[in-house]
Amino acid sequence: LETGSNRVNVQLLPMTQSGTFSATAGGTVTSGLLQLNFPANAVTLNGQPYTGAVNVYAAALDPSSPEMFDQMPGELLGGMNDSLRLLRSFGMAAVELRDDNMNELQLANGVSATLTFNIPSALQAEAPANIDWWSFDEAFGYWKHEGEAQRQGNQYIGQASHFSWWNCDVPENFNDLHGSVNT
């Protein structure tokens, strides 16, 4: 703002290790409302195959909680079909993969991990059978559409090809209002 003030609430999430698996064998890690399944031989360090222990740091946010808005990055705005859309979340999580020296690990090109989100009971009646699947683009500060996740019972299942923030959202239209108040 050129003049005036702007208030922003931010709640930092602790970097808590959710589990470990062997990169060569793959494995499953659970963190709150989220379960992650990793295939064997799917992890890289600096673009090269990685064979050691993979430490998973994950934080699943409850989309039925008002705290989610202070915990998530950016706003619930996503880019879809060359336009911005307002998003309504049914499941969101931050995921980081690290080696024992805290070096960042990623999935190999062409490989995906399966993310399973438990849909909170307050949202189950409204949760659609298929939902749009988004990752947060830190360079641009908005959510990037990456495909769809499918509902199975009271869970959404999606495929992640890289790790950062992932989100199950229904895109909605919004009105952009510009104006000034004169007194």
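Pairs linking a residue in the range 36-58 that is touching a residue at least 24 places away in the same chain (Cβ under 8 Å) to a residue that is open to solvent by 20 Å² or more (accessible area, probe 1.4 Å) and of a type in the set (Phe, Trp, Tyr), with Cβ atoms under 7 Å and 6 or more positions apart or on different chains, are VAL43/TYR50; THR44/TYR50. Selection of the range 123-159 for residues being farther than 19 Å from LEU76 by Cα, outside any strand (DSSP E or B) and free of Cβ contacts under 8 Å to residues at least 12 places away in the same chain yields ALA125, GLY153. Regarding the range 114-127, can at least one residue be identified that is hydroxyl-bearing (Ser, Thr, Tyr) and surrounded by 14 or more Cβ atoms within 10 Å (Cβ to Cβ)? Within the range 114-127 (the criterion being hydroxyl-bearing (Ser, Thr, Tyr) and surrounded by 14 or more Cβ atoms within 10 Å (Cβ to Cβ)), the answer is yes, since at least one residue qualifies. For the range 22-35, filtering for residues that are without any contact (Cβ under 8 Å) to a residue 24 or more places away in the chain and in a loop (DSSP other than H, G, I, E, B) leaves 1. Counting only residues that are within 16 Å of the chain's Cα centre (by Cα) and open to solvent by 20 Å² or more (accessible area, probe 1.4 Å), the range 17-30 holds 2 of them.
Residue count for the range 81-103 satisfying the condition of being assigned to a strand (DSSP E or B), open to solvent by 30 Å² or more (accessible area, probe 1.4 Å) and in contact (Cβ under 8 Å) with a residue 40 or more places away in the chain: 6. Of all the numbered requirements in (1) under 23 Å from SER64 (Cα atoms); (2) at pLDDT below 95; (3) open to solvent by 60 Å² or more (accessible area, probe 1.4 Å); (4) polar (S, T, N, Q), GLN150 misses one, and that requirement is (2). Restricting attention to the range 33-49, does a residue exist that is at pLDDT below 90 and either surrounded by fewer than 20 Cβ atoms within 10 Å (Cβ to Cβ) or over 16 Å from LEU115 (Cα atoms) (or both)? There is at least one residue in the range 33-49 that is at pLDDT below 90 and either surrounded by fewer than 20 Cβ atoms within 10 Å (Cβ to Cβ) or over 16 Å from LEU115 (Cα atoms) (or both).
Answer yes or no as to whether ASP62 is among the charged types (D, E, K, R) and either buried (at least 18 other Cβ atoms within 10 Å of the Cβ) or under 15 Å from LEU97 (Cα atoms) (or both). Even if it seems obvious, please write down each step before you answer.
Details: among the charged types (D, E, K, R): yes; either buried (at least 18 other Cβ atoms within 10 Å of the Cβ) or under 15 Å from LEU97 (Cα atoms) (or both): yes.
Against the criterion (among the charged types (D, E, K, R) and either buried (at least 18 other Cβ atoms within 10 Å of the Cβ) or under 15 Å from LEU97 (Cα atoms) (or both)), ASP62 qualifies.
The values are calculated or read from the model by the stated rules, or taken from the named source; none is laboratory data. Worth saying up front: this structure is predicted, and the values here are computed from it rather than measured. Here the Cβ is made from the backbone with ideal geometry for all residues, glycine too, and neighbour counts use every protein chain on show. Ligands, DNA and RNA are stripped out before the accessible areas are found, and what is left, the full protein with its side chains, is counted by its heavy atoms. Shrake-Rupley method; radii C 1.70, N 1.55, O 1.52, S 1.80 Å.
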